[in-house]
Amino acid sequence: MPARRVVLLGSTGSIGTQTMDVIEQLRAVHVHHEVIALSAGHDSPRFRAQIEAACPQWICVADEVEASRLASDFPDAAVVWGRGGLVQLAQLDKADLVVNALVGSVGLPPTLAALDRGKAVALANKESLAIGGELIAHALQARSGSLVSIDSEHHALYRCLGDRPPREVRRLLLTASGGPFLRSSAEDLVDMTPERALRHPTWSMGHRITIDCATMVNKAFEVIGAHRLFGIPYEAISVLIHPDSHVHSLVEFVDGSLLAELGPRDMRIAIQGILTYPEHAPTQLSRLPIEEGFTLSFEPFSPQQFPAYATVLEAARAGGTALAAINAADETLITRFLNRDIGFPDIASGLARTLDQWRVEFDPHRSPVSLPAIEAADAWARSFARQL
Ligand SMILES: NC(=O)c1ccc[n+]([C@@H]2O[C@H](COP(=O)([O-])OP(=O)(O)OC[C@H]3O[C@@H](n4cnc5c(N)ncnc54)[C@H](OP(=O)(O)O)[C@@H]3O)[C@@H](O)[C@H]2O)c1
């Protein structure tokens, strides 16, 4: 397994810290990845501890003033800042692998920049794939770069599909825990607090994705990601409720056989699987106690129960910059919900209104999708969702 020089964007988040942990654990099996660059939103104690541990040659934070403070405290590193800084790190000549663990649309420009330089990208930032899927596909065709998704569901699909072509696949089945509100009625949701929404039954993650799990926007992004990554039509991708979260996804082949990937509820297994793919490397992480006896339960998924899921897939079918608008509105509405400015059901209704208004403002003038077009739709949707 080759050692690689890694740029890790979003190193202080849930995926970022777990990636650091996996890289550390891989040393025990003689896979020595070198972290050459780290980025975070802010100068925080966690970020400083990571810099001290990994001694990266490049550092990036969002803000210029914080960047100057870091530059004087870490004189051996080159410090850059802002979106331009993220793009610089993604294009470093020395980098073999760019791990993008940023949250939100800020992740798209560095993804494209890395692919434009022919880098290998391990992409946790699922917003990149949703809002910039066409640009990513174009960059992959035009250059020698590669992209794999860091997501337990997509990792399961890589493992189950192996090298089988799409014509042998009847459908992909993405599992979903159902989130904290699987058993809640529409009436219950009216008074749901941010604390309740942030209490995910099986996974511990950043705030944005945790709320996206409660609305199922996250699952819609995964469906879009699976469509784009594996070239399987939307009609052949289904969601299956699996509250235990032990089966991470399944593939049904045309001969009726099903392959599933199971494992503990630990994202580090998917992260390591992607860092070592297609090989499996030993790990000290906990194992699934399957011989102690356990049952797996599955339930049908009802999109009517999660209206935001349907809106996101409708935006995917609308094409153009619809998903960029929906993603930006989602980020804005989630912040408003966490600040107790709007209720939980207002996230789904706000997304539907954003899509309706996007059709009025953008659809008739649809032009080819480009980064500036995505950024314009993003800025418009943030402003629209702030006023809802
Ligand atoms: N968490 C999971 O288990 C999981 C699983 C599958 C996929 N994903 C996807 O992985 C991505 C990251 O998720 P997460 O849960 O790890 O998020 P998170 O915990 O919120 O971490 C986000 C990271 O991005 C940084 N960041 C945020 N805004 C930034 C900005 N404007 N400029 C530069 N850096 C910024 C944060 O820095 P600060 O810490 O300084 O704010 C942090 O390092 C998301 O797309 C998510 O959907 C996550």
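The values are calculated or read from the model by the stated rules, or taken from the named source; none is laboratory data. Small disclaimer: the values here were computed from a predicted structure and weren't measured. Cβ: placed from backbone, ideal geometry, glycine included. Neighbour counts: every protein chain shown. Ligands, DNA and RNA are excluded from the accessible area calculation, which covers all protein heavy atoms including side chains. Shrake-Rupley method; radii C 1.70, N 1.55, O 1.52, S 1.80 Å.
General remarks:
- Accessible area of Met267 in the full protein assembly, 1.4 Å probe (Å², nearest 10): 30
- Hits among aspartates and glutamates - C-alpha to C-alpha of Lys94 under 18 Å, sequence gap 8 or more where chains match: Glu34, Asp76, Asp116
- Inter-part distance where the stretch 151-208 and the stretch 61-122 are each reduced to a Cα centre, Å: 29
- Accessible area in the full protein assembly, largest first, 1.4 Å probe, for His207, His154: His207, His154
- Heavy-atom SASA rank of Trp81, Trp358 (probe 1.4 Å, accessible area, largest first): Trp81, Trp358
- Amide hydrogen proximity for Arg5: with H placed 1.01 Å from N in the peptide plane, the residues at 5 or more positions away or on another chain lying under 5 Å are Glu34, Asp96, Leu97.
- Note on Arg5: accessible area is roughly 90 Å² with a 1.4 Å probe, heavy atoms of protein only.
- Additional length obtainable on full extension of the chain from His30 to Arg287, 0.36 nm per residue less Cα span: 90.4 nm
- What you get for the stretch 306-387, charging only the Cβ of Lys and Arg (+1) and of Asp and Glu (-1), is a dipole of about 60 debye around the Cα centre.
- When both bridge partners sit in the chain, DSSP labels roughly 30% of those beta bridges antiparallel.
- Across the options Thr19, Gly41, Leu70, the greatest Cα extent toward the positive end of the charge dipole of the stretch 5-149 (unit charges at beta carbon of Lys, Arg, Asp, Glu) belongs to Thr19.
- On full extension, the segment bounded by Arg171 and Ser185 gains 2.0 nm, given 0.36 nm per residue less the C-alpha separation.
- Solvent exposure of the chain, expressed per residue, is 44 Å² of accessible area, with all protein chains present and a 1.4 angstrom probe.
- Value of relative contact order over the chain, rounded to a whole percent, pairs C-alpha under 8 Å and six or more apart: 15
- log₁₀ of I(q)/I(0) at q = 0.12 Å⁻¹ - the chain, Debye sum with one point per alpha carbon: -0.96
- Estimated [θ] at 222 nm from DSSP helical runs (n ≥ 4, -39500 (n - 2.57)) normalised by residues in the chain, nearest 500: -14000 deg cm²/dmol
- Relative contact order (%) - the stretch 1-101, alpha-carbon pairs under 8 angstrom, separation at least six: 35
- Computed about its Cα centre, the charge dipole of the chain is approximately 400 debye, with only Lys, Arg, Asp and Glu carrying charge at their Cβ.
- Most tightly packed first, judged by the mean number of other beta-carbon atoms within 10 Å of their residues, the peptides 285-298, 94-107, 229-242, 25-38 read 94-107, 25-38, 229-242, 285-298.
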